[in-house]
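See structure below.
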Amino acid sequence: MKIIEQTATELKIQTRGVFDFWVPSCLLMLFGLKCVAFDYHLVSLSCHRVQGTQGNCQLVRSSLLGSKIQEIQLASLQGAKVVTAGYTSKVVLLTDAGYVRFAGNYTHWGDKDAIVSEINSFVKNADRRLLELKQYDSLFPGIGAIFVTAGIAVISFGKKEIYSFDRTLDTLTVKQQGLLRTKLIQHSLCEIYGVEVARTKDQDNDIWYEVRLLVCGGSRISLPKTMNRYEQQKIAKVIKNYLHQQK
């Protein structure tokens, strides 16, 4: 919150700047787009048997930006199993070279036991010629969409407020300017008889400070809260001095 104009007859206070909305919203959207575009979302395993253990498998990880292909010789594939670590579990392929991760970082994504059973059945059954499996491998696309939506919402519903005190017109005009609309609210300066800084706590016990304009009849005009007590006291002092000069 800052004073953008101060003269003998006018006082303008801006509670938010444009970067207060664009910077966090852009960061949210960039993170969301990164999750959607760069993380692998779909993994597929295709195995073709020519005879016995002759053949090959392709492990393909796909994202919006392309695919990563890993070749595995059928003779090297020994089976599959579920590996659990903490609250996550994943399906790994057992090969001569060690474990090769297939899919399933998240416990509730897909039936991992069924996938393991299908792979082991194919390895043991020499008469089976083809194995085709697909599995979504990440929560990030959904999380990314949430961050992009949140970034758009910050821009769409965020608003910049300007409090304009005009001694000549005897008015206080509150201009609420957002991306979608602009709203003007007017009050009479002669009805404002005092200014105070109120100290409040939220549910997390964080302390906030709020400049309140006291209006005849018991109502109040509250400026946005901040955690900066000194800034709020400075704004309140400027408003008090301005109102005092008017009288």
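Give the residue that is nearest to Gly52 (Cα to Cα), with candidates limited to residues of segment 96-106 that are open to solvent by 60 Å² or more (accessible area, probe 1.4 Å) and assigned to a strand (DSSP E or B).
Top of the filtered list is Tyr99.
Screening segment 44-95 for residues that are loosely packed, with under 13 Cβ neighbours inside 10 Å and β-branched (Val, Ile, Thr) and picking the one that is nearest to Phe122 (Cα to Cα) gives Val50. The set of residues in segment 160-176 that are over 30 Å from the mean Cα position of the chain (by Cα), open to solvent by 50 Å² or more (accessible area, probe 1.4 Å) and in contact (Cβ under 8 Å) with a residue 24 or more places away in the chain comprises Arg167, Thr168. Reported count of residues in segment 46-90, each being within 16 Å of Leu131 (Cα to Cα) and assigned to a strand (DSSP E or B), is 21.
Checking segment 23-36 against the condition returns no match, with no residue being closer than 25 Å to Tyr99 by Cβ, crowded, with 16+ Cβ neighbours inside 10 Å and either modelled with pLDDT under 80 or among the polar types (S, T, N, Q) (or both).
Condition (residue is among the polar types (S, T, N, Q), open to solvent by 70 Å² or more (accessible area, probe 1.4 Å) and either within 38 Å of the chain's Cα centre (by Cα) or modelled with pLDDT under 90 (or both)) applied to segment 139-157: is it met by at least one residue? Within segment 139-157 (the criterion being among the polar types (S, T, N, Q), open to solvent by 70 Å² or more (accessible area, probe 1.4 Å) and either within 38 Å of the chain's Cα centre (by Cα) or modelled with pLDDT under 90 (or both)), the answer is yes, since at least one residue qualifies. Taken together, the residues in segment 52-99 that are within 17 Å of Ser117 (Cα to Cα), over 32 Å from the mean Cα position of the chain (by Cα) and β-branched (Val, Ile, Thr) amount to 1. Counting only strands (runs of 3 or more DSSP E) that sit completely within segment 177-247, those holding 2 or more residues that are surrounded by 13 or more Cβ atoms within 10 Å (Cβ to Cβ) correspond to 192-201, 207-215, 220-222.
The values are calculated or read from the model by the stated rules, or taken from the named source; none is laboratory data. Everything numeric in this text was worked out from a predicted model, so none of it was measured. Positions of Cβ are generated from backbone atoms using ideal geometry, with glycine treated the same way; all protein chains shown enter the neighbour counts. Protein only, heavy atoms only, side chains kept; ligands, DNA and RNA dropped before computing areas. Shrake-Rupley method; radii C 1.70, N 1.55, O 1.52, S 1.80 Å.
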